[in-house]
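A.B. asks: Take a look at this one; I'll ask things after.
The values are calculated or read from the model by the stated rules, or taken from the named source; none is laboratory data. If you're wondering where the values come from, they're calculated on a predicted model, not measured in any experiment. No Cβ is skipped: glycine too gets one built from the backbone with ideal geometry, and neighbour counts run over all protein chains shown. Just so you know, the surface numbers come from the protein's heavy atoms only, side chains and all, with ligands and any DNA or RNA stripped out. Shrake-Rupley method; radii C 1.70, N 1.55, O 1.52, S 1.80 Å.
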Amino acid sequence: MPTRPCWVEIRTQSLEENYRFLAGLAAPHAELLAIVKANAYGHSLALCAPAVVRAGARWLGVTSVEEGLAVRALCADAHVLVIGGVFPGQGAVVVRHRLTPVAWEPWQLDELAGAAHAAGAVSGSLPVHLEIDTGMSRQGVGPDALGAALARFSAASPLRLEGVMTHLYAADEADGAVTEAQLKRLDETLGKIEVAGLYAEWLNVGSSAALLAGQASAISVLAERWGMKAMMRPGLALYGLAPAFDPGFEPREPAELNAARARLQPVLSWKTRVIGVRAVPAGAVVGYNGTFLATEPMRLALLPAGYGDGVDRQLGNRFSLLVRGQKAPLVGRVSMDQSVIDVTEIPEVDAGDEVVILGTQGGETITAFDHADAAETIPWEVFTRIGARVRRVAV
Ligand SMILES: *Cc1c(COP(=O)(O)O)cnc(C)c1O
(Lines give C-alpha, C1' and ligand atoms only; values in the text may rest on other atoms or scores of the structure.)
Protein backbone atom coordinates (compact mmCIF):
# COMPACT_ATOMS: atom_id res chain seq x y z
CA MET A 1 0.00 0.00 0.00
CA PRO A 2 1.36 3.46 -0.77
CA THR A 3 2.08 5.17 2.53
CA ARG A 4 1.85 8.67 3.97
CA PRO A 5 4.63 10.54 2.22
CA CYS A 6 7.04 11.36 5.01
CA TRP A 7 10.12 9.19 4.61
CA VAL A 8 13.85 8.89 5.09
CA GLU A 9 16.19 7.72 2.35
CA ILE A 10 19.34 5.90 3.44
CA ARG A 11 22.29 5.75 1.09
CA THR A 12 24.03 2.61 2.35
CA GLN A 13 26.79 3.09 -0.24
CA SER A 14 27.74 6.36 1.50
CA LEU A 15 27.74 4.63 4.89
CA GLU A 16 30.07 1.96 3.53
CA GLU A 17 32.38 4.58 2.05
CA ASN A 18 32.38 6.54 5.32
CA TYR A 19 33.28 3.38 7.23
CA ARG A 20 36.15 2.55 4.90
CA PHE A 21 37.44 6.13 5.01
CA LEU A 22 37.37 6.19 8.83
CA ALA A 23 38.98 2.75 9.06
CA GLY A 24 41.77 4.09 6.87
CA LEU A 25 42.13 7.09 9.16
CA ALA A 26 42.40 4.81 12.21
CA ALA A 27 44.85 2.38 10.60
CA PRO A 28 47.34 1.16 11.56
CA HIS A 29 46.73 2.48 15.06
CA ALA A 30 43.24 1.32 15.94
CA GLU A 31 40.45 -1.02 14.89
CA LEU A 32 37.00 0.55 14.59
CA LEU A 33 33.83 -0.43 16.36
CA ALA A 34 30.87 0.95 14.39
CA ILE A 35 28.29 2.52 16.67
CA VAL A 36 24.78 1.54 15.55
CA LYS A 37 22.89 2.28 18.77
CA ALA A 38 19.45 3.94 18.77
CA ASN A 39 18.41 2.37 15.45
CA ALA A 40 21.74 3.42 13.89
CA TYR A 41 21.22 7.05 14.97
CA GLY A 42 17.74 6.92 13.47
CA HIS A 43 19.13 5.68 10.14
CA SER A 44 17.64 2.14 10.48
CA LEU A 45 19.61 -0.64 12.09
CA ALA A 46 18.27 -3.13 9.54
CA LEU A 47 19.81 -1.12 6.68
CA CYS A 48 22.97 0.09 8.41
CA ALA A 49 24.29 -2.86 10.44
CA PRO A 50 24.69 -5.14 7.39
CA ALA A 51 26.16 -2.23 5.40
CA VAL A 52 28.99 -1.52 7.86
CA VAL A 53 29.72 -5.25 8.05
CA ARG A 54 29.93 -5.33 4.24
CA ALA A 55 32.37 -2.43 4.48
CA GLY A 56 34.59 -4.47 6.79
CA ALA A 57 33.40 -3.79 10.34
CA ARG A 58 33.99 -6.72 12.70
CA TRP A 59 32.68 -4.87 15.76
CA LEU A 60 29.32 -3.13 16.21
CA GLY A 61 28.23 -1.13 19.27
CA VAL A 62 24.72 -0.83 20.65
CA THR A 63 23.19 0.53 23.84
CA SER A 64 21.17 -2.37 25.16
CA VAL A 65 20.82 -6.13 25.14
CA GLU A 66 17.60 -5.61 23.16
CA GLU A 67 19.47 -3.70 20.47
CA GLY A 68 22.19 -6.34 20.61
CA LEU A 69 19.68 -9.08 19.83
CA ALA A 70 18.46 -7.07 16.84
CA VAL A 71 22.04 -6.82 15.54
CA ARG A 72 22.67 -10.50 16.16
CA ALA A 73 19.64 -11.37 14.02
CA LEU A 74 21.11 -9.29 11.18
CA CYS A 75 24.82 -10.03 11.58
CA ALA A 76 25.54 -13.56 12.76
CA ASP A 77 29.30 -13.23 13.11
CA ALA A 78 29.91 -9.66 14.29
CA HIS A 79 31.18 -8.86 17.76
CA VAL A 80 28.34 -6.91 19.36
CA LEU A 81 29.36 -4.64 22.24
CA VAL A 82 26.52 -3.63 24.60
CA ILE A 83 27.78 -0.26 25.83
CA GLY A 84 24.87 0.55 28.12
CA GLY A 85 25.46 -2.50 30.29
CA VAL A 86 23.21 -5.40 31.29
CA PHE A 87 20.17 -5.23 33.52
CA PRO A 88 18.98 -7.80 36.05
CA GLY A 89 17.92 -11.00 34.34
CA GLN A 90 19.59 -10.21 31.00
CA GLY A 91 22.75 -12.27 31.52
CA ALA A 92 21.35 -15.47 30.00
CA VAL A 93 20.47 -13.73 26.74
CA VAL A 94 23.94 -12.15 26.58
CA VAL A 95 25.52 -15.60 26.92
CA ARG A 96 23.16 -17.37 24.53
CA HIS A 97 23.51 -14.79 21.75
CA ARG A 98 27.25 -14.19 22.18
CA LEU A 99 26.89 -10.49 22.95
CA THR A 100 29.90 -8.72 24.49
CA PRO A 101 28.78 -6.76 27.53
CA VAL A 102 30.33 -3.61 28.92
CA ALA A 103 30.11 -3.79 32.70
CA TRP A 104 31.25 -1.68 35.66
CA GLU A 105 28.90 -2.36 38.58
CA PRO A 106 29.74 -5.40 40.73
CA TRP A 107 26.14 -6.60 40.39
CA GLN A 108 26.44 -6.53 36.58
CA LEU A 109 29.53 -8.74 36.77
CA ASP A 110 27.69 -11.08 39.16
CA GLU A 111 24.68 -11.23 36.85
CA LEU A 112 26.94 -12.19 33.94
CA ALA A 113 28.99 -14.72 35.91
CA GLY A 114 25.81 -16.32 37.27
CA ALA A 115 24.32 -16.64 33.80
CA ALA A 116 27.55 -18.06 32.37
CA HIS A 117 27.75 -20.64 35.20
CA ALA A 118 24.14 -21.62 34.62
CA ALA A 119 24.90 -22.16 30.94
CA GLY A 120 27.82 -24.41 31.86
CA ALA A 121 30.44 -21.95 30.59
CA VAL A 122 34.08 -22.80 31.30
CA SER A 123 36.50 -20.41 33.01
CA GLY A 124 37.34 -17.29 31.05
CA SER A 125 34.83 -17.96 28.28
CA LEU A 126 32.57 -14.89 28.56
CA PRO A 127 34.34 -11.77 27.26
CA VAL A 128 33.61 -8.53 29.12
CA HIS A 129 34.75 -4.98 28.53
CA LEU A 130 35.26 -3.27 31.86
CA GLU A 131 34.42 0.41 31.74
CA ILE A 132 36.66 2.76 33.71
CA ASP A 133 35.47 6.18 34.85
CA THR A 134 38.35 8.46 33.87
CA GLY A 135 36.54 11.67 34.73
CA MET A 136 33.09 11.80 33.13
CA SER A 137 31.41 10.66 36.37
CA ARG A 138 28.67 8.93 34.40
CA GLN A 139 29.44 5.24 34.26
CA GLY A 140 32.51 3.14 34.85
CA VAL A 141 34.62 1.86 37.72
CA GLY A 142 36.19 4.57 39.84
CA PRO A 143 39.56 4.17 41.60
CA ASP A 144 38.00 2.98 44.86
CA ALA A 145 35.96 0.23 43.23
CA LEU A 146 38.65 -1.14 40.92
CA GLY A 147 39.90 -3.87 43.24
CA ALA A 148 36.44 -5.32 43.80
CA ALA A 149 35.69 -5.28 40.07
CA LEU A 150 38.97 -6.96 39.13
CA ALA A 151 38.45 -9.65 41.76
CA ARG A 152 35.49 -10.86 39.69
CA PHE A 153 37.90 -11.87 36.91
CA SER A 154 39.71 -14.53 38.97
CA ALA A 155 41.08 -17.56 37.11
CA ALA A 156 38.08 -19.66 38.12
CA SER A 157 35.51 -17.11 36.87
CA PRO A 158 33.70 -17.63 33.58
CA LEU A 159 34.34 -13.93 32.92
CA ARG A 160 37.32 -12.86 30.82
CA LEU A 161 38.60 -9.30 30.79
CA GLU A 162 38.66 -8.87 27.03
CA GLY A 163 38.61 -5.09 26.95
CA VAL A 164 39.18 -2.04 29.07
CA MET A 165 36.98 0.81 27.98
CA THR A 166 36.54 4.44 28.83
CA HIS A 167 34.57 7.31 27.34
CA LEU A 168 36.16 10.66 26.50
CA TYR A 169 33.84 13.49 27.41
CA ALA A 170 35.59 16.45 25.78
CA ALA A 171 37.25 15.04 22.68
CA ASP A 172 35.60 17.87 20.73
CA GLU A 173 37.66 20.47 22.62
CA ALA A 174 40.54 21.12 20.29
CA ASP A 175 43.28 21.69 22.87
CA GLY A 176 42.97 18.06 23.99
CA ALA A 177 43.78 18.89 27.63
CA VAL A 178 40.82 17.02 29.11
CA THR A 179 41.52 14.00 26.92
CA GLU A 180 45.15 14.00 27.95
CA ALA A 181 44.14 13.99 31.62
CA GLN A 182 41.66 11.16 31.00
CA LEU A 183 44.30 9.08 29.20
CA LYS A 184 46.68 9.65 32.10
CA ARG A 185 44.09 8.30 34.55
CA LEU A 186 43.48 5.39 32.21
CA ASP A 187 47.22 4.68 32.11
CA GLU A 188 47.31 4.53 35.92
CA THR A 189 44.37 2.15 35.94
CA LEU A 190 46.01 -0.11 33.35
CA GLY A 191 49.03 -0.29 35.65
CA LYS A 192 46.81 -1.50 38.48
CA ILE A 193 45.16 -4.05 36.21
CA GLU A 194 48.59 -5.45 35.36
CA VAL A 195 49.58 -5.57 39.03
CA ALA A 196 46.39 -7.56 39.62
CA GLY A 197 47.74 -10.13 37.15
CA LEU A 198 45.10 -9.47 34.51
CA TYR A 199 45.54 -8.89 30.81
CA ALA A 200 43.03 -7.41 28.38
CA GLU A 201 43.33 -7.62 24.62
CA TRP A 202 41.56 -4.35 23.72
CA LEU A 203 41.84 -0.79 24.90
CA ASN A 204 38.52 0.67 23.81
CA VAL A 205 38.57 4.49 23.76
CA GLY A 206 37.31 7.41 21.72
CA SER A 207 34.36 8.39 19.54
CA SER A 208 34.14 10.35 16.25
CA ALA A 209 35.67 13.53 17.64
CA ALA A 210 38.72 11.71 19.03
CA LEU A 211 39.23 9.85 15.78
CA LEU A 212 38.89 12.96 13.62
CA ALA A 213 41.07 15.01 15.94
CA GLY A 214 43.86 12.51 15.32
CA GLN A 215 43.87 10.81 18.75
CA ALA A 216 44.25 7.30 17.29
CA SER A 217 48.01 7.35 17.61
CA ALA A 218 48.00 8.56 21.24
CA ILE A 219 45.49 5.86 22.15
CA SER A 220 47.49 3.18 20.38
CA VAL A 221 50.70 4.29 22.09
CA LEU A 222 48.91 3.84 25.41
CA ALA A 223 47.53 0.46 24.33
CA GLU A 224 50.93 -0.80 23.20
CA ARG A 225 52.54 0.22 26.47
CA TRP A 226 50.35 -2.40 28.15
CA GLY A 227 50.51 -4.97 25.36
CA MET A 228 46.99 -4.16 24.17
CA LYS A 229 45.38 -3.25 20.85
CA ALA A 230 43.43 -0.02 20.40
CA MET A 231 39.79 0.19 19.42
CA MET A 232 37.84 3.38 18.66
CA ARG A 233 34.07 3.85 18.49
CA PRO A 234 32.86 6.36 15.87
CA GLY A 235 29.14 7.02 15.54
CA LEU A 236 28.23 10.39 14.05
CA ALA A 237 31.11 10.38 11.55
CA LEU A 238 29.88 7.08 10.09
CA TYR A 239 26.64 8.84 9.26
CA GLY A 240 28.62 11.52 7.45
CA LEU A 241 29.00 14.35 9.96
CA ALA A 242 32.21 15.54 11.56
CA PRO A 243 31.51 16.95 15.03
CA ALA A 244 32.07 20.67 15.52
CA PHE A 245 35.03 21.47 17.76
CA ASP A 246 34.35 24.01 20.49
CA PRO A 247 36.57 25.71 21.39
CA GLY A 248 38.15 25.09 18.01
CA PHE A 249 41.67 24.72 16.74
CA GLU A 250 43.97 27.76 16.74
CA PRO A 251 44.93 29.24 14.38
CA ARG A 252 43.10 26.77 12.10
CA GLU A 253 41.75 23.22 11.88
CA PRO A 254 44.29 20.55 11.03
CA ALA A 255 44.34 19.70 7.33
CA GLU A 256 43.34 16.08 8.08
CA LEU A 257 40.17 17.20 9.85
CA ASN A 258 39.33 19.53 7.00
CA ALA A 259 39.89 16.74 4.51
CA ALA A 260 37.69 14.42 6.56
CA ARG A 261 34.85 16.96 6.58
CA ALA A 262 35.06 17.07 2.81
CA ARG A 263 35.25 13.30 2.45
CA LEU A 264 32.43 12.20 4.76
CA GLN A 265 29.11 11.85 2.97
CA PRO A 266 25.69 12.31 4.56
CA VAL A 267 23.79 9.02 4.60
CA LEU A 268 20.28 10.24 5.39
CA SER A 269 17.80 12.42 3.50
CA TRP A 270 14.38 13.20 4.95
CA LYS A 271 11.58 14.02 2.55
CA THR A 272 7.86 14.65 2.25
CA ARG A 273 5.40 15.84 -0.39
CA VAL A 274 3.06 18.81 -0.67
CA ILE A 275 -0.55 17.84 0.15
CA GLY A 276 -2.00 21.00 -1.32
CA VAL A 277 -1.42 24.70 -1.88
CA ARG A 278 -3.80 27.45 -0.75
CA ALA A 279 -3.89 31.18 -1.30
CA VAL A 280 -4.57 33.33 1.77
CA PRO A 281 -5.31 37.05 1.90
CA ALA A 282 -3.37 39.66 3.85
CA GLY A 283 -4.46 39.45 7.49
CA ALA A 284 -4.76 35.64 7.59
CA VAL A 285 -3.01 33.86 10.44
CA VAL A 286 -1.38 30.43 10.16
CA GLY A 287 -1.49 27.45 12.51
CA TYR A 288 -2.10 27.06 16.24
CA ASN A 289 -2.45 30.36 18.06
CA GLY A 290 -1.96 32.26 14.83
CA THR A 291 1.72 32.91 15.51
CA PHE A 292 2.26 33.88 11.86
CA LEU A 293 0.37 36.76 10.28
CA ALA A 294 0.24 37.18 6.50
CA THR A 295 0.97 40.86 5.84
CA GLU A 296 0.27 40.40 2.10
CA PRO A 297 -1.54 37.77 -0.01
CA MET A 298 0.41 34.51 0.26
CA ARG A 299 0.53 30.96 -1.07
CA LEU A 300 0.95 28.28 1.56
CA ALA A 301 1.79 24.60 1.09
CA LEU A 302 0.65 21.98 3.60
CA LEU A 303 3.06 19.12 4.44
CA PRO A 304 2.39 15.78 6.19
CA ALA A 305 5.32 16.14 8.61
CA GLY A 306 5.18 17.44 12.16
CA TYR A 307 6.76 17.08 15.56
CA GLY A 308 5.26 13.60 15.80
CA ASP A 309 7.63 12.75 12.95
CA GLY A 310 10.58 14.51 14.58
CA VAL A 311 10.32 17.99 13.04
CA ASP A 312 11.29 20.07 16.05
CA ARG A 313 8.55 22.41 17.22
CA GLN A 314 11.12 25.16 17.64
CA LEU A 315 11.55 25.29 13.84
CA GLY A 316 8.18 27.01 13.36
CA ASN A 317 8.74 30.56 12.01
CA ARG A 318 12.54 30.07 12.09
CA PHE A 319 13.58 27.49 9.49
CA SER A 320 13.17 26.75 5.80
CA LEU A 321 12.66 23.51 3.85
CA LEU A 322 13.45 22.89 0.18
CA VAL A 323 10.91 22.66 -2.61
CA ARG A 324 11.62 23.06 -6.34
CA GLY A 325 15.25 23.56 -5.31
CA GLN A 326 14.46 26.71 -3.31
CA LYS A 327 14.10 27.57 0.36
CA ALA A 328 10.55 27.86 1.65
CA PRO A 329 10.09 29.16 5.22
CA LEU A 330 8.10 27.16 7.76
CA VAL A 331 5.29 29.48 8.85
CA GLY A 332 3.25 29.23 12.03
CA ARG A 333 3.64 26.50 14.60
CA VAL A 334 4.75 23.01 13.62
CA SER A 335 1.79 20.73 14.47
CA MET A 336 2.07 17.11 15.58
CA ASP A 337 1.37 15.72 12.14
CA GLN A 338 1.63 18.65 9.73
CA SER A 339 3.43 21.84 8.99
CA VAL A 340 3.03 24.71 6.54
CA ILE A 341 5.61 26.37 4.27
CA ASP A 342 5.41 29.71 2.51
CA VAL A 343 5.70 29.18 -1.27
CA THR A 344 4.60 32.66 -2.33
CA GLU A 345 7.96 33.21 -4.06
CA ILE A 346 7.92 29.79 -5.75
CA PRO A 347 4.70 29.97 -7.79
CA GLU A 348 5.12 26.65 -9.60
CA VAL A 349 4.78 24.62 -6.37
CA ASP A 350 1.89 22.18 -6.57
CA ALA A 351 0.35 19.20 -4.78
CA GLY A 352 2.66 16.18 -4.91
CA ASP A 353 5.90 18.17 -5.12
CA GLU A 354 8.77 16.62 -3.20
CA VAL A 355 9.96 18.64 -0.20
CA VAL A 356 13.33 18.08 1.46
CA ILE A 357 13.32 18.44 5.23
CA LEU A 358 16.97 17.34 5.56
CA GLY A 359 19.22 16.73 2.58
CA THR A 360 19.90 18.22 -0.84
CA GLN A 361 17.61 19.47 -3.58
CA GLY A 362 18.84 21.38 -6.59
CA GLY A 363 21.84 23.32 -5.40
CA GLU A 364 20.60 23.73 -1.81
CA THR A 365 21.41 21.56 1.20
CA ILE A 366 19.95 21.36 4.71
CA THR A 367 22.16 19.48 7.17
CA ALA A 368 21.50 18.00 10.59
CA PHE A 369 23.73 20.81 11.92
CA ASP A 370 21.30 23.35 10.40
CA HIS A 371 18.38 21.63 12.17
CA ALA A 372 20.37 21.47 15.39
CA ASP A 373 21.30 25.15 15.31
CA ALA A 374 17.70 26.22 14.73
CA ALA A 375 16.34 23.89 17.41
CA GLU A 376 19.14 24.61 19.89
CA THR A 377 20.28 21.02 20.04
CA ILE A 378 22.93 18.76 18.48
CA PRO A 379 22.86 16.63 15.30
CA TRP A 380 22.79 13.43 17.37
CA GLU A 381 19.41 14.46 18.79
CA VAL A 382 18.08 15.60 15.41
CA PHE A 383 18.78 12.16 13.94
CA THR A 384 17.55 10.10 16.86
CA ARG A 385 14.29 12.04 17.11
CA ILE A 386 13.16 11.21 13.59
CA GLY A 387 10.01 9.28 14.43
CA ALA A 388 9.47 5.55 14.20
CA ARG A 389 6.53 6.17 11.86
CA VAL A 390 8.83 7.76 9.27
CA ARG A 391 9.63 4.98 6.80
CA ARG A 392 13.34 4.29 6.15
CA VAL A 393 14.10 3.22 2.59
CA ALA A 394 17.41 2.23 1.07
CA VAL A 395 18.41 4.14 -2.05
C1 LIG B 1 27.39 7.06 21.32
C2 LIG B 1 28.72 6.65 21.78
C3 LIG B 1 29.84 6.72 20.92
C4 LIG B 1 29.79 7.36 19.55
O5 LIG B 1 29.88 8.75 19.68
P6 LIG B 1 29.94 9.73 18.40
O7 LIG B 1 30.23 11.05 18.99
O8 LIG B 1 28.61 9.67 17.73
O9 LIG B 1 31.03 9.23 17.53
C10 LIG B 1 31.04 6.19 21.38
N11 LIG B 1 31.14 5.64 22.61
C12 LIG B 1 30.11 5.60 23.46
C13 LIG B 1 30.31 5.01 24.81
C14 LIG B 1 28.88 6.10 23.09
O15 LIG B 1 27.85 6.05 23.95
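A.B. asks: Give me a count of the residues in region 175-202 that are at pLDDT 95 or above and in contact with an Asp or Glu (Cβ under 9 Å, 6 or more places away or on another chain).
C.D. replies: Residues meeting the conditions: 5.
A.B. asks: Search region 232-285 for residues being charged (D, E, K, R) and within 30 Å of Gln338 (Cα to Cα), and hand back the single one that is surrounded by the fewest Cβ atoms within 10 Å (Cβ to Cβ).
C.D. replies: Arg278
A.B. asks: Cβ-Cβ under 7 Å, sequence separation 6+ or interchain: first residue in region 322-346 and farther than 9 Å from Gly287 by Cβ, partner of a type in the set (Phe, Trp, Tyr) and buried (at least 18 other Cβ atoms within 10 Å of the Cβ). Which pairs?
C.D. replies: Matching pairs, first to second residue: Leu330/Phe319; Met336/Tyr307.
A.B. asks: Cβ-Cβ below 7 Å, separation at least six or inter-chain, first residue in region 79-100 and open to solvent by 60 Å² or more (accessible area, probe 1.4 Å), second within 16 Å of the ligand (Cβ to nearest atom) and not in a helix (DSSP H, G or I): which pairs?
C.D. replies: Cβ pairs passing all conditions: His79/Trp59; His79/Thr100.
A.B. asks: Name every residue in region 216-228 that is within 17 Å of Gly24 (Cβ to Cβ) and either open to solvent by 40 Å² or more (accessible area, probe 1.4 Å) or charged (D, E, K, R) (or both), in order of residue number.
C.D. replies: The one that is within 17 Å of Gly24 (Cβ to Cβ) and either open to solvent by 40 Å² or more (accessible area, probe 1.4 Å) or charged (D, E, K, R) (or both): Ser217.
A.B. asks: Okay, next question. Which residues, counting only those in region 273-300, are closer than 16 Å to Glu348 by Cβ and under 33 Å from the mean Cα position of the chain (by Cα)?
C.D. replies: Arg273, Val274
A.B. asks: Oh, and also: What's the total number of residues in region 201-214 that are within 16 Å of the ligand (Cβ to nearest atom) and open to solvent by 40 Å² or more (accessible area, probe 1.4 Å)?
C.D. replies: 1
A.B. asks: Assess whether Ala34 counts as being away from the ligand (no atom under 16 Å from the Cβ), buried (at least 22 other Cβ atoms within 10 Å of the Cβ), assigned by TED's automatic domain parsing to the domain that holds Ser154 and closer than 26 Å to Val8 by Cβ.
C.D. replies: It is false that Ala34 is away from the ligand (no atom under 16 Å from the Cβ), buried (at least 22 other Cβ atoms within 10 Å of the Cβ), assigned by TED's automatic domain parsing to the domain that holds Ser154 and closer than 26 Å to Val8 by Cβ.
A.B. asks: Starting from region 221-237, take each residue that is in a helix (DSSP H, G or I) and list its partners that are open to solvent by 60 Å² or more (accessible area, probe 1.4 Å), counting only C-beta distances under 7 angstrom and pairs at least six apart or across chains.
C.D. replies: From region 221-237, the pairs are Ala223/Lys229; Leu236/Trp380.
A.B. asks: Considering only region 157-203, state which residues are more than 15 Å from Gly140 (Cβ to Cβ) and aromatic (Phe, Trp, Tyr).
C.D. replies: Of everything in region 157-203, those that are more than 15 Å from Gly140 (Cβ to Cβ) and aromatic (Phe, Trp, Tyr) turn out to be Tyr199, Trp202.
A.B. asks: I need a count of the residues in region 168-177 that are surrounded by fewer than 23 Cβ atoms within 10 Å (Cβ to Cβ), within 22 Å of the chain's Cα centre (by Cα) and touching a residue at least 24 places away in the same chain (Cβ under 8 Å).
C.D. replies: Going through region 168-177 one residue at a time, the tally reaches 5.
A.B. asks: Which one is farthest from Thr360 (Cα to Cα) among residues in region 14-27 that are in contact (Cβ under 8 Å) with a residue 24 or more places away in the chain and away from the ligand (no atom under 16 Å from the Cβ)?
C.D. replies: The selected residue is Arg20.
A.B. asks: Now a separate question. Give just the number: which of (1) under 30 Å from Pro88 (Cα atoms); (2) open to solvent by less than 10 Å² (accessible area, probe 1.4 Å) does Ser14 not satisfy?
C.D. replies: Going through (1) under 30 Å from Pro88 (Cα atoms); (2) open to solvent by less than 10 Å² (accessible area, probe 1.4 Å) one by one, Ser14 breaks only (1).
A.B. asks: Name the residue, out of Leu222, Leu236, Leu241, Leu257, that is more than 16 Å from the ligand (Cβ to nearest atom) and of a type outside the set (Asp, Glu).
C.D. replies: Going through Leu222, Leu236, Leu241, Leu257 in turn, just one is more than 16 Å from the ligand (Cβ to nearest atom) and of a type outside the set (Asp, Glu): Leu222.
A.B. asks: Where in region 284-380 are there strands (runs of 3 or more DSSP E), lying wholly inside it, with at least 2 residues that are hydrophobic (A, V, I, L, M, F, W, C)?
C.D. replies: Correct list: 298-303, 320-323, 339-342, 354-361.
A.B. asks: Consider Tyr288 against the criteria (1) open to solvent by 80 Å² or more (accessible area, probe 1.4 Å); (2) modelled with pLDDT of 95 or more; (3) closer than 30 Å to Leu238 by Cα: it satisfies all of them except one. Which criterion is unmet?
C.D. replies: Against the list (1) open to solvent by 80 Å² or more (accessible area, probe 1.4 Å); (2) modelled with pLDDT of 95 or more; (3) closer than 30 Å to Leu238 by Cα, Tyr288 comes up short only on (3).
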